[in-house]
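What follows is calculated from the coordinates using simple rules that are stated; it is not laboratory data. Worth saying up front: this structure is predicted, and the values here are computed from it rather than measured. Don't worry about glycine lacking a Cβ; one is built from the backbone with ideal geometry, like all the others, and counts go over all protein chains shown.
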Amino acid sequence: MRILIVEDEPRLLELIGRTLRGEGYDVDVAADGSDGYDRARVGGFDLVLLDVMLPRMSGLEITMRLRRLGVRTPILMLTARDAVDDRVAGLEAGADDYLVKPFAFVELSARVRALLRRGGEAGGASLTVGDLVLDRSRREVRRGGRRTELTAREYALLEHLMKNAGRVLTRDQILAAVWPPDFDGGPNVVDTYVHYLREKVDRPPAEPLLRTVRGVGYVLGR
């Protein structure tokens with residue numbers, strides 16, 4: 001499961017990230033609203049933890065913009081403002097839950113699990129494209145009923161492509177959604193991992209599902 005944390009307080013960002021990584025989540029981070037919005041709208045996340053008071057773009061504005069774009073990723077808002085009106089404003093903007101600072105990390109973890117369960121129920125526990133099935137609860141991939149072993153990065157790449165099946169994604173979009181923000185390589189790494197995926201899920205006699213759109217990027221689907 002991939003979680004995006006958008007928080008401008010460095011120490012809190014570090015603590016939340018460390019806690020969630022320790023529980024096995026794949027965590028990306030952003031320290032200002034504009035960067036957080038750009039990452040969230042690309043997609044590929046199962047949950048967004050979003051501070052309300054952020055530089056460059058507030059959490060409320062981010063939430064409203066994402067919902068207008070049709071991004072349905074669950075959002076947990078984090079804020080030091082505990083007035084009822086503030087909580088209502090966040091929920092009406094499109095947030096799914098609201099946690100007031102300071103909070104206990106055990107409560108944060110519980111709310112994260114609850115939202116991920118809810119999101120899984122809404123979006124389905126598995127993704128299917130043709131005879132390719134990705135079981136998100138077991139983190140298993142099968143093609144034509146045959147299980148395929150993937151690395152963590154290959155799995156994340158395939159999950160993102162399957163979530164966006166039929167949609168052409170550029171290398172930069174894939175890089176932003178699948179690789180961590182501190183990755184210092186170029187978009188050519190996407191080509192390398194697409195090649196790895198093809199070797200594992202598109203091997204003959206299976207019909208190729210992963211296609212190159214020359215000059216643009218990649219699309220998954222017949």
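Counting every alpha-carbon pair across the chain, the share separated by more than 24 Å comes to 44%. Once backbone amide H atoms are built at 1.01 Å from N, Met77 has Leu50, Asp96, Asp97, Tyr98, Leu99 as its partners under 5 Å, excluding neighbours fewer than 5 places away on the same chain.
On the basis of the beta-carbon distance and an R0 of 25 Å, Ala114 and Arg21 show a calculated FRET efficiency of 0.85. Net charge of the neighbourhood of Asp35, taken over other residues with C-beta under 13 Å away and scored Lys/Arg +1, Asp/Glu -1, is -4. In this structure the amide hydrogen of Glu140, modeled in the peptide plane, comes within under 5 Å of the amide hydrogens of Asp135, none closer than 5 places in sequence on its chain. Taking Cα centre as origin and charging only the Cβ of basic (Lys, Arg, +1) and acidic (Asp, Glu, -1) residues, the dipole magnitude of the range 126-220 rounds to 320 debye. Per the Cα gyration tensor, the range 2-123 maps to an equivalent ellipsoid with semi-axes of 18, 17, 15 Å, ordered largest to smallest. Look at the dipole of the chain built from charges on Cβ: of Pro10, Phe103, Val27, the Cα furthest out on the positive end belongs to Val27. To test your reading of the geometry: what angle, between 0 and 90 degrees and rounded to tens, separates the Cα axis of helix 59-69 from the longest principal axis of the chain? Approximately 40 degrees, to the nearest 10.
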